[in-house]
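Novice: This is the structure, below, for whatever I ask next.
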2 protein chains.
Amino acid sequence: MCNKCNTSTLTRRKFIQTTTLAGAGLMVANSSNAAAADKKPQNIKTRGYAATDESGVLSPWEFERRPVGDDDVLINITFASICHSDIHQMKGHWGPQQYPQVPGHEIVGVVAAVGKNVSKFKVGDRAGVGCMVDTCLECEHCQGQGEQYCPETTFTYGYPEKTSPSGISQGGYSTNIVVRDHFAVHIPDHISDQEAAPLLCAGVTTYSPIMRADFKPGDKVGVAGIGGLGHMAIKLAVSKGAEVYAFTTSPDKVNDIIAFGAKEAIVVDDLSKLAPYNGTLDYMIATLPVHYNVAAYAATVKPYGFYTQVGMPERFELTMNAIGLSFSRANFNASLIGDMQETQDVVNYCAEHNVLPQIEVIKAEDVNKAWQNVVEKKARYRYVIDASTI
Amino acid sequence: MCNKCNTSTLTRRKFIQTTTLAGAGLMVANSSNAAAADKKPQNIKTRGYAATDESGVLSPWEFERRPVGDDDVLINITFASICHSDIHQMKGHWGPQQYPQVPGHEIVGVVAAVGKNVSKFKVGDRAGVGCMVDTCLECEHCQGQGEQYCPETTFTYGYPEKTSPSGISQGGYSTNIVVRDHFAVHIPDHISDQEAAPLLCAGVTTYSPIMRADFKPGDKVGVAGIGGLGHMAIKLAVSKGAEVYAFTTSPDKVNDIIAFGAKEAIVVDDLSKLAPYNGTLDYMIATLPVHYNVAAYAATVKPYGFYTQVGMPERFELTMNAIGLSFSRANFNASLIGDMQETQDVVNYCAEHNVLPQIEVIKAEDVNKAWQNVVEKKARYRYVIDASTI
């Protein structure tokens, strides 16, 4: 499909505004102040796709969001895309979960109501939500270092959330979401909802370390793992002027990788394929969300260079060979999404520079098959759920 | 014992010069050119303590060294100290080994013969040998980046070595050693043999990253694991002006740690003891040669700070929690000993600044008990074998 066509989105948006909202028990289409509209705010009815156990199989679920608080926005979701993290968390790879749980932290939609204190958004604005929906907003992290590091961060799904009727945050594979306004970002006019959605996690997670990395135009940058995050990493590094070397285990991604702007696509069917690149790269970012030989990949950066892990494997654990790492003298670090300013920045940057994810829009009923494809490395490169099909 | 007393060393040195050499089948006491002394060079007889299988139990072994080549020096060993690496390698923790194998890469002695090309040393000089005994000397690593990174490095024991009669390099728990002159360093007058020995590995392994680390006087530096390497790391960081925070699992090391110059000794009997230090340290070096919670320790460095691993655990593997590391934003790296210039530098530096290891001299026959103590964290802080007892 043409993923730059917005026509169906607008139709869908209108559909959601008139139908979902009506079903949500909160008539706010003509109000910018939800609290004032109803002195006894009611929970908001929602439909989503939830996992009910560690099998991770998703099925339709009707649940409720909290009423729109004074600092909140209600967003009627148009598109939500699929991140490998969704799968890991629903399957308990990162620890035991409370079920039912609705995944999804790459969310775009239309603001349908705002609390009385909210000036950042008005009804009808397009808005995006990423991996966080609340923090303390007061600690040193929230005040500058990055809200994602706040000890009280509520991530978008599966985290304890007192205000949530289910007791935990519930994600974006659903028809609407209520979040504090600080955790929603504006979507610029010249990017579609469905192309903006993957930027909220895959985009910011690669944008943050790539923009912070100390490489200049013409420098050599490696990207390991070319999936949802990796293909954005290629495009972002290219947009920053890098000569990009993309390492993949999928031979049939080579043509795509070159089309994304990479200088070379290296098929790592054996670790020996990395050796010719040892000590050659100015920086590398690894998106692999599985266990792999970190030291072998890290050896491709120049001595004392930097290597950033953004993919999160099962149990979040990575095992590395310390003596291998000592030989390469690589500095290994891990980066966690980005802060809210960066989340807004990446959307603006990608819209402005036409750095867009390659997406495939799917119906909600196909989500389990899509997840299987992600696990089997068949995604090309981000599945985006059309929320009007939920 | 008084480990600053050199008297017994001199006696021992004289003893070795007259007895071991005589037994080595190479009379060079009055010659600076061994090759000239015998046109058909013969192997050099040696006694050592060798492991014979993965039990790692050491027993006396008579073996041979290669004849002194044109670029070689023969060193009659006076002292060799015990590194945890010796134990790991002999027990096969780092891969299968060839046996018999003599460990030891913290070696000091007296030059007893030199090859015809050697001008760096003369007979009678004191000399030290660390973790390497040969490299190609021509590659970019050998030409400046560090000989330890040369792909052809022969480490001091257990590495294939064509010139060795046993086929592998044999280490310093022995009466003598033959090495290329480049891989021996001078021992300054104002440091004893037995105190210099631990500097050849424990010293340089901590000296190299600490001197390269970007911290200023008054900055806070952490040291994790206070054994042979860790106690040197404390002293070296203190000598560079740092305020040192030492993390140990041994409560009975606290007084020693303060005596070494640390500002605080933190007993990590539970990982929660690390939490108050999270985000506070300008740099940290970890000497722990076992599996441990890397991310929990790394969280003590300031965001975007550096954390260097020098201890090498079983299989060289360290497993870390990637999301934990992402929260701390620490840059994790590993450092491998140091280059030959640094090896000379650390000996000079420690002699000049009186930065000396705390040692316990033992007889060779007690080596297995000493190893057991090292494993059980009972060493205080480096066992040094008196080679005259071999």
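Novice: Anything in segment B:146-187 that is of a type in the set (A, V, I, L, M, F, W, C) and within 14 Å of another protein chain (Cβ to nearest Cβ)? List them, or say none.
Specialist: Those that are of a type in the set (A, V, I, L, M, F, W, C) and within 14 Å of another protein chain (Cβ to nearest Cβ): B:Cys150, B:Phe155.
Novice: In the list B:Gly146, B:Gly158, which residue meets the criterion of being crowded, with 19+ Cβ neighbours inside 10 Å, under 18 Å from B:Ala50 (Cα atoms) and under 20 Å from the mean Cα position of the chain (by Cα)?
Specialist: Working: B:Gly146 fails: under 18 Å from B:Ala50 (Cα atoms).
Exactly one residue qualifies, and that residue is B:Gly158.
Novice: Check segment A:312-321 and report whether any residue there is free of Cβ contacts under 8 Å to residues at least 24 places away in the same chain and either closer than 27 Å to A:Asp386 by Cβ or among the β-branched types (Val, Ile, Thr) (or both).
Specialist: Among the residues of segment A:312-321, not one is free of Cβ contacts under 8 Å to residues at least 24 places away in the same chain and either closer than 27 Å to A:Asp386 by Cβ or among the β-branched types (Val, Ile, Thr) (or both), which makes the answer no.
Novice: Also: Can you find a residue in segment A:336-347 that is more than 17 Å from the chain's Cα centre (by Cα) and away from chain B (no Cβ under 14 Å)?
Specialist: No, segment A:336-347 contains no residue that is more than 17 Å from the chain's Cα centre (by Cα) and away from chain B (no Cβ under 14 Å).
Novice: Only one of these conditions is not met by A:Val361: (1) hydrophobic (A, V, I, L, M, F, W, C); (2) touching a residue at least 60 places away in the same chain (Cβ under 8 Å); (3) within 14 Å of chain B (Cβ to nearest Cβ). Which number is it?
Specialist: That leaves (3) as the condition not met.
Novice: Does A:Gly241 satisfy the condition of being farther than 20 Å from A:Tyr292 by Cβ and surrounded by fewer than 24 Cβ atoms within 10 Å (Cβ to Cβ)?
Specialist: yes
Novice: Anything in segment A:237-270 that is over 26 Å from A:Val375 (Cβ atoms) and either among the aromatic types (Phe, Trp, Tyr) or in contact (Cβ under 8 Å) with a residue 60 or more places away in the chain (or both)? List them, or say none.
Specialist: Residue satisfying the conditions is A:Ser239 alone.
Novice: Sticking with this structure for a sec: For the list (1) within 12 Å of chain A (Cβ to nearest Cβ); (2) in a strand (DSSP E or B); (3) among the hydroxyl-bearing types (Ser, Thr, Tyr), I need the number of the one condition that B:Ser326 fails.
Specialist: The single condition B:Ser326 does not satisfy is (2).
Listed here are the residues, each with its yes/no results for (1) assigned to a helix (DSSP H, G or I); (2) among the small types (Gly, Ala, Ser); (3) under 30 Å from B:Tyr297 (Cα atoms).
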position: B:Gln170; (1), (2), (3): no, no, no
position: B:His182; (1), (2), (3): yes, no, no
position: B:Val185; (1), (2), (3): no, no, no
position: B:Pro188; (1), (2), (3): no, no, no
position: B:Ile191; (1), (2), (3): no, no, no
position: B:Ala196; (1), (2), (3): yes, yes, no
position: B:Gly218; (1), (2), (3): no, yes, yes
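Novice: Would it be correct to say that B:Pro160 is within 30 Å of B:Pro276 (Cβ to Cβ) and either not assigned by TED's automatic domain parsing to the domain that holds B:Pro276 or not polar (S, T, N, Q) (or both)? Write out each step before concluding.
Specialist: Working: within 30 Å of B:Pro276 (Cβ to Cβ): no; either not assigned by TED's automatic domain parsing to the domain that holds B:Pro276 or not polar (S, T, N, Q) (or both): yes.
It is false that B:Pro160 is within 30 Å of B:Pro276 (Cβ to Cβ) and either not assigned by TED's automatic domain parsing to the domain that holds B:Pro276 or not polar (S, T, N, Q) (or both).
Novice: Further question: Report the residue count in segment B:90-125 for those that are assigned to a loop (DSSP other than H, G, I, E, B) and within 20 Å of B:Gln344 (Cβ to Cβ).
Specialist: Qualifying residue count, segment B:90-125: 13.
Novice: Looking at A:Asp219, A:Asp193, A:Asp181, can you tell me which residue is among the acidic types (Asp, Glu), more than 14 Å from A:Asn348 (Cα to Cα) and assigned by TED's automatic domain parsing to the domain that holds A:Glu352?
Specialist: Numbers: A:Asp219 fails: assigned by TED's automatic domain parsing to the domain that holds A:Glu352; A:Asp193 fails: more than 14 Å from A:Asn348 (Cα to Cα).
Residue meeting the stated conditions: A:Asp181.
Novice: Taking segment A:162-211 on its own, how many of its residues are without any contact (Cβ under 8 Å) to a residue 60 or more places away in the chain and in contact with an Asp or Glu (Cβ under 9 Å, 6 or more places away or on another chain)?
Specialist: Residues that pass the stated criteria total 1.
Novice: Here's something else I'd like to know. Residue under question is B:Gly56, and the condition is that it be modelled with pLDDT under 95 and either more than 23 Å from B:Ser192 (Cβ to Cβ) or over 18 Å from the mean Cα position of the chain (by Cα) (or both); does it hold? Break it down stepwise before answering.
Specialist: Details: modelled with pLDDT under 95: no; either more than 23 Å from B:Ser192 (Cβ to Cβ) or over 18 Å from the mean Cα position of the chain (by Cα) (or both): yes.
Here the answer is no, as B:Gly56 does not meet what is asked.
Novice: How many of the residues in segment A:255-303 are more than 26 Å from A:Glu317 (Cα to Cα) and under 24 Å from the mean Cα position of the chain (by Cα)?
Specialist: Final tally of qualifying residues: 7.
Novice: Just a yes or no: is a residue in segment A:373-382 crowded, with 18+ Cβ neighbours inside 10 Å, closer than 19 Å to A:Gly172 by Cβ and more than 16 Å from the chain's Cα centre (by Cα)?
Specialist: The answer is no; no qualifying residue exists.
Novice: Additional query: Check whether at least one residue in segment B:358-365 is more than 16 Å from the chain's Cα centre (by Cα), under 30 Å from A:His141 (Cβ atoms) and in a strand (DSSP E or B), and report yes or no.
Specialist: Within segment B:358-365, not a single residue is more than 16 Å from the chain's Cα centre (by Cα), under 30 Å from A:His141 (Cβ atoms) and in a strand (DSSP E or B).
Novice: Taking the condition surrounded by 18 or more Cβ atoms within 10 Å (Cβ to Cβ), of a type in the set (Asp, Glu) and out of contact with any Gly (no Cβ under 8 Å at 6 or more places or on another chain), does B:Asp339 pass?
Specialist: No; evaluated as a whole, the condition is false for this residue.
Novice: Output the residues belonging to segment B:126-156 that are part of a strand (DSSP E or B) and touching a residue at least 24 places away in the same chain (Cβ under 8 Å).
Specialist: Listed by number, the residues that qualify are B:Arg126, B:Ala127, B:Gly128, B:Val129, B:Met132, B:Val133, B:Asp134, B:Phe155.
Novice: Now for a separate question. Are any of the residues in segment B:190-210 at pLDDT below 95 and within 22 Å of the chain's Cα centre (by Cα)?
Specialist: Within segment B:190-210, one or more residues are at pLDDT below 95 and within 22 Å of the chain's Cα centre (by Cα).
The values are calculated or read from the model by the stated rules, or taken from the named source; none is laboratory data. Quick caveat, the model's predicted, so the values are computed rather than measured. No Cβ is skipped: glycine too gets one built from the backbone with ideal geometry, and neighbour counts run over all protein chains shown.
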